[in-house]
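S.K.: This is the structure, below, for whatever I ask next.
Any read-out appearing in this document is the output of simple, stated calculations on the displayed coordinates, not a laboratory observation. Given the structure is predicted, the values throughout are model-derived calculations rather than measurements. Cβ placement follows ideal geometry from the backbone for every residue including glycine, while neighbour counts extend to all protein chains displayed.
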Amino acid sequence: MRAFANLLDRLAFTPQRNGKLTLLRDFMRDTSDPERGWALAALTGELVFDAAKPAFIRKAVEARMDAELFALSYDYVGDLAETVALVWPAKPGANREPDLSEVVEALRSASRAQVQKLLEGWLDALDADGRWALLKLLTGGLRVGVSARLAKQALAAMGGVAIEEIEEVWHGQHPPYEDLFAWLEKRSDKPSADTPGRFRPVMLAQAIEAADFARLDAADFAAEWKWDGIRVQAVNERGHRRLFSRTGDDIGTSFPDVLDFLSFEGVIDGELLVLDAGRLRSFGDLQQRLNRKTADAKLLAKYPAGIRAYDLLLDGEEDLRGFTFRERRARLEAFIGRANSPRIDLSPLQPFSSWEELGELRAHPPDGDALLAEGLMLKRWDSVYEAGRPKGPWFKWKRDPHLIDAVLMYAQRGHGKRSGFYSDYTFGVWREDANGERQLTPVGKAYFGFTDEELKQIDKFVRDNTIERYGPVRVVKATRDFGLVFEVAFEGLQRSTRHKSGVAMRFPRISRLRWDKPARDADELATLERMLD
Amino acid sequence: MPKPESVLCPSPAGLYCPPGDFHIDPTRPVARAVVTHGHADHARAGHGTVVATPETLAIMAARYGEDFAGSTEALRYGETLTRDGVEVSFAPAGHILGSAQAVVRAKGLTVVVSGDYKRRRDPTCAPFEPVACDVFVTEATFGIPVFNFPHDEDEIARLLKSVAQFDERTHLVGAYSLGKAQRVIALLRKAGYGETIYIHGAIESLNALYERFGIALGPTAPATAEKTKKSDFAGRIVVAPPASADDRWSRRFADPLSCFASGWMRVRARARQRQVELPLVISDHADWNELTSTLEEIRPGEVWITHGNEDALLRWCALKGQPARALSLVGYDQDEGES
């Protein structure tokens, strides 16, 4: 438990992905089975307990200490699990610290009443960090920013293998993953990937650069719209129906309606979208369905999800990944026709004869679904389906981003290489308040898109023009007559009830510093509102 | 029996002893001051006469210049100064080098002003000695049950593990320049770390002072020397005052990993607020257990709480039947000061 608790503690305070990766890799390397496997499962959300309710934990601690002292402590800390971890008055003579595996085993077999008894013994034996980890685990609240993808990447680093190899075998593996670790430590062969309903690592595209067109022949490529949903792999293999994200996370429980429509034998690669009688709805609508553990009937009816298919990996039992795109495409069209499902349709190809013609299409998409596309996808007719992001066969050609001019309002210090710099910026646009005065309202936050040299300049501006501070955040002077204007690029805009301005940007970044532009000439909120779909 | 307030009472400049006509740790210039230790909120310049331990006097001279007071009188631990029927002596407080509890005896009463103190072993100063008394004046910086500090060795082990794990980054340890910085360095040495430790300029002269008093700190070098490259500090430990560690000063290092050695780091929100990546729970103050066990050990007639989080400690005293009152003295750092 100690190693796991230390890991959780470090992860919680380490903002950078690379740092987290190092911590996870070293933990997997230095911790033995089955402890590390259970830890992995707990971190990636494979292992969820709700063995102890907050009310019970509170009762247990108040039985041991004065209620007023506890209340003062809770007031000060603000988080129940953390408060209890810190104040727990341990009875002396406790047992040795439990391992994470012991805790997991016990939780799987014990009744609720037994768990509560065990919990007190464990809390007595652990130190404050261990108690915190235990309580977070038991109340289902381990929030340390580790995605399944990150965990797999750490495993790949630990074993010196490509992440696609991990993804390929992942779905045949179960906690505590002893076979997986045995393979990564070269003590045994690679576990079998031949599990029906498993995930197959996906093929990704590179962004195309203007210079690429000169050396590429338009005749070698097929083009289709780049749909603005989430990439999925829909599987029905020997009765196993699954819906995977592009990183291999099983998202089927959020989309029971889509699973119902997978009445075929094979594996489709496509885009998950909200499809209303064949008409595409916005990404904002899809977001209503994402990251939900379950979906109720009302939600399913309001935001019906479906798949727009663009590739076929498995047709019946036949693996098509070694075939060319041209061959797979023909098989896909026949496959979708046979499936004849109201929620699975085909991403149509866009015929073209020159890059100029295609560029024209990209700049002026026709009415209908294409207006919601993010741009175009280009795929070589002769490309086989290759996991990862190979250079050359597939390209994405995104639409130009939206641009607005916004005024810097708040700045926050960065981490690591940027820890001495104010590098995270909140920016706003003008809006008329109740008194008819123009006020800035924050519309987004960005922390990249500028050069190191520009970062130094902005940092100096922030320091020279700070009017208030809250912890690591500085409020920067911004009035009609004074302020730093950023040209901000972003991919799309949605309504948002969480933001005061009522809009939320997708993928915002600083595209230019407009030292020359007076703050009063920055954009109005109304300009953004007109962009809403 | 006379009232304790006739021996020592709160006044606008701090605790005042009427029969002896002196203040203890006065927050503004007074004629006669008894100073418990060298931290800026307790030891200020500009008094007429200062009575303190030789170490504290040396610290004050190093920080404020030799003429920081009209005159000084060095009083070692255990020695007694008698004037106007008032005896003053010092007992070690275990807070930083030279830190002392002021023991005041008059009219048959003993009042101990503990200043800031802690109970765990610290290689850079003499350990706290309990003194039987009628009134024990205590701080309560960490006077809430949530503040129970781990072993220093475990915290230093976490730092050293991180240095090994992230050897391409610079571990930048924020530590107050007087006391904490030297203690962190001494603890690193105790853990077997023999590499050069790089230090901020503000720590240099205090390190030299500690070494003069026989506290060995091993090889150190200025972090700001000419002709250093960022990469020179990769895999190294740099110790700097927290404000510098947070700011522009830190840009000279390779991808700094910010560490902060403070008791406040016990609470996660505090560490997050400061954007600390490796919080090190190392404090020069007594934690909750130390505060309460000290009161149980001394069992004074009365407890007076000078500053800090006194509500929980008052509650604890009430539960134990220990008479106590809060003085709520102002002028002592409770938050981002030298804690």
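S.K.: Every residue in segment B:271-290 that is within 13 Å of residue B:148 (Cβ to Cβ) and within 11 Å of chain A (Cβ to nearest Cβ), please.
M.R.: Answer for segment B:271-290, where residues must be within 13 Å of residue B:148 (Cβ to Cβ) and within 11 Å of chain A (Cβ to nearest Cβ): B:281, B:287, B:288, B:289.
S.K.: Taking segment B:251-265 as the search range and keeping residues that are touching a Lys or Arg at 6+ places or on another chain (Cβ under 6 Å) and surrounded by fewer than 24 Cβ atoms within 10 Å (Cβ to Cβ), which one is nearest to the other protein chains (Cβ to nearest Cβ)?
M.R.: Residue satisfying both the conditions and the ranking: B:255.
S.K.: Here's something else I'd like to know. For segment A:41-143, please list each of the helices (runs of 4 or more DSSP H) lying entirely inside it that holds at least 2 residues being away from chain B (no Cβ under 11 Å).
M.R.: So the answer is A:54-62, A:100-109, A:112-125, A:128-138.
S.K.: Assuming residue B:268 fulfils every condition listed in (1) within 13 Å of chain A (Cβ to nearest Cβ); (2) out of contact with any Lys or Arg (no Cβ under 6 Å at 6 or more places or on another chain); (3) closer than 24 Å to residue A:90 by Cβ; (4) touching a residue at least 40 places away in the same chain (Cβ under 8 Å) apart from one, which condition is it?
M.R.: Only one criterion is unmet by residue B:268, namely (4).
S.K.: While we're looking at this one, here's another question. Give B:172, B:209 a once-over and let me know the one that is assigned to a helix (DSSP H, G or I) and either aliphatic (A, V, I, L, M) or within 14 Å of chain A (Cβ to nearest Cβ) (or both).
M.R.: Selected residue: B:209, the only one of B:172, B:209 that is assigned to a helix (DSSP H, G or I) and either aliphatic (A, V, I, L, M) or within 14 Å of chain A (Cβ to nearest Cβ) (or both).
S.K.: Would you confirm whether any residue within segment B:242-250 is touching a strand residue (DSSP E or B) at 6+ places or on another chain (Cβ under 6 Å), within 11 Å of another protein chain (Cβ to nearest Cβ) and either surrounded by fewer than 18 Cβ atoms within 10 Å (Cβ to Cβ) or not in a helix (DSSP H, G or I) (or both)?
M.R.: No: zero hits.
S.K.: Moving on. I'd like the residue in segment B:283-298 that is crowded, with 21+ Cβ neighbours inside 10 Å and among the small types (Gly, Ala, Ser) and, out of all such residues, is farthest from residue B:131 (Cα to Cα).
M.R.: B:283
S.K.: Tell me the residue from A:408, A:403 that is surrounded by fewer than 17 Cβ atoms within 10 Å (Cβ to Cβ) and outside any loop (DSSP other than H, G, I, E, B), please.
M.R.: Step by step, each of A:408, A:403 is checked, and only A:403 is surrounded by fewer than 17 Cβ atoms within 10 Å (Cβ to Cβ) and outside any loop (DSSP other than H, G, I, E, B).
S.K.: Ok, one more. Filter segment B:212-229 down to residues that are in a loop (DSSP other than H, G, I, E, B) and polar (S, T, N, Q) and give me whichever is nearest to the chain's Cα centre (by Cα).
M.R.: So, considering only residues that are in a loop (DSSP other than H, G, I, E, B) and polar (S, T, N, Q), the one nearest to the chain's Cα centre (by Cα) is B:224.
S.K.: Right, residue A:254: free of Cβ contacts under 8 Å to residues at least 60 places away in the same chain, under 29 Å from residue A:47 (Cα atoms) and touching a Leu at 6+ places or on another chain (Cβ under 8 Å) or not?
M.R.: Yes.
S.K.: Counting only residues that are without any contact (Cβ under 8 Å) to a residue 60 or more places away in the chain, facing chain B (nearest Cβ under 9 Å), in contact with an Asp or Glu (Cβ under 8 Å, 6 or more places away or on another chain) and not in a loop (DSSP other than H, G, I, E, B), how many does segment A:2-17 have?
M.R.: Qualifying residue count, segment A:2-17: 1.
S.K.: Okay, next question. Quick one: residue B:110 ticks every box in (1) surrounded by fewer than 24 Cβ atoms within 10 Å (Cβ to Cβ); (2) closer than 27 Å to residue A:74 by Cβ; (3) away from chain A (no Cβ under 14 Å) bar one, so which box is it?
M.R.: Status for residue B:110: all satisfied but (2).
S.K.: With the condition being more than 24 Å from residue B:127 (Cα to Cα), I'd like the strands (runs of 3 or more DSSP E) fully within segment B:1-92 carrying at least 3 qualifying residues.
M.R.: Here the list reads B:9-11, B:14-17, B:47-52, B:69-74.
S.K.: Among the residues of segment B:231-241, how many are in a loop (DSSP other than H, G, I, E, B) and either away from chain A (no Cβ under 13 Å) or within 24 Å of the chain's Cα centre (by Cα) (or both)?
M.R.: 3
S.K.: Take residue B:145 and tell me if it is within 19 Å of the chain's Cα centre (by Cα) and either in a loop (DSSP other than H, G, I, E, B) or at the interface with chain A (Cβ under 9 Å from one of its Cβ atoms) (or both).
M.R.: So residue B:145 fails the test.
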